[in-house]
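Down below is the structure, laid out as C-alpha cells.
The values are calculated or read from the model by the stated rules, or taken from the named source; none is laboratory data. Bear in mind the structure is a predicted one, so any value in this text is a computation, not a measurement. Ideal geometry is used to build each Cβ from the backbone, glycine not excepted, and the neighbour counts take in all protein chains shown. We work out accessible area using only protein heavy atoms, side chains counted, and drop any ligands, DNA or RNA first. Shrake-Rupley method; radii C 1.70, N 1.55, O 1.52, S 1.80 Å.
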Amino acid sequence: GAGVSQTPSNKVTEKGKYVELRCDPISGHTALYWYRQSLGQGPEFLIYFQGTGAADDSGLPNDRFFAVRPEGSVSTLKIQRTERGDSAVYLCASSKAGGPYEQYFGPGTRLTVT
Amino acid sequence: TQLLEQSPQFLSIQEGENLTVYCNSSSVFSSLQWYRQEPGEGPVLLVTVVTGGEVKKLKRLTFQFGDARKDSSLHITAAQPGDTGLYLCAGVRDSGYALNFGKGTSLLVTP
C-alpha cells in the first residue's frame, strides 16, 4: 500500500513569509506526528495528533508554528513569519495508534528560509 | 536535550568487516526502534524491540534491547556497501508516544 506522502518535497521561501507543509498519512493510521530534523541531528518531535485533535503540541518551538488535521487524515503544518533558523527537513510519520506502535515516516519536506 | 546517546557518531569500514553501534540512555523506554536514513529520504524502520533483553535478527543485522530497557545495540556482520547510511535509534518512554531520537551513526562501507 501507499506510504506516507509529503508535499512539497522542497520549499524555498524568504524570511518573514508564511508556509504550509502537507502530510498524507498511511490509510487507516489514526495517529500522526510531525518532527523536524536539522543538519547532523536526529529528528525532534513537534506535535502529535490522535484523530482530529492535537493530543500533544509541546514540541512546537513557538507560536509561529501551528498544525491542523481537520478530518483526521491529511495534516498541514503552518509556519508564520518564517525565520532562517526554521530551515530544516520537516518529517511526518503515522502509526496505527499513539504509544509504542511503529511509526512510518514520509520522505520529508526540506524547507529553506533565505 | 536528546535522551539517547549514540556511538560512534561516524564509522568508516571496509566491506566484510563487523561493527556495532550503541544507543544509551538513563531513561527507561517502553519500546525502542532502529531506523536507517539515506540522504534526501525519511527514516525507514528496521526493527522494534519492546522486551528487556530481547534480541532480533534481520539478515546480517542483530538488534538487542538492554535488560533494563535503557539501551540498545545494533550489530552488523560482514558489512556491505549497501549498508551505508545513517542509523538512528529512537525510543518511546513509558506512557508516551513521541519518538526520542539519538543523533545517529553515519556508516560508510567501502568496497
### Query
So how many residues does the stretch B:2-60 have that are free of Cβ contacts under 8 Å to residues at least 60 places away in the same chain and either in contact with a helix residue (DSSP H, G or I) (Cβ under 9 Å, 6 or more places away or on another chain) or on the phi > 0 side of the Ramachandran plot (or both)?
5
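Pick out, from the stretch A:39-101, the strands (runs of 3 or more DSSP E) lying fully within it that include 2 or more residues that are touching a Pro at 6+ places or on another chain (Cβ under 6 Å) and open to solvent by less than 10 Å² (accessible area, probe 1.4 Å).
Counting at least 2 such residues, we get A:88-95.
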### Among the residues listed as B:PHE29, B:PHE10, the single one being out of contact with any Phe, Trp or Tyr (no Cβ under 8 Å at 6 or more places or on another chain) and within 22 Å of A:ALA97 (Cα to Cα)
B:PHE29
#### Entry: In the stretch B:62-79, the residues that are touching a residue at least 24 places away in the same chain (Cβ under 8 Å) and in contact with a strand residue (DSSP E or B) (Cβ under 6 Å, 6 or more places away or on another chain)
B:PHE63, B:PHE65, B:ARG69, B:ASP71, B:SER72, B:SER73, B:LEU74, B:HIS75, B:ILE76, B:ALA79
### Summary
Per the filter on the stretch A:1-23, residues of a type outside the set (A, V, I, L, M, F, W, C), more than 12 Å from chain B (Cβ to nearest Cβ) and open to solvent by 50 Å² or more (accessible area, probe 1.4 Å) are A:GLY1, A:THR7, A:LYS11, A:GLU14, A:LYS15, A:LYS17, A:TYR18, A:GLU20, A:ARG22
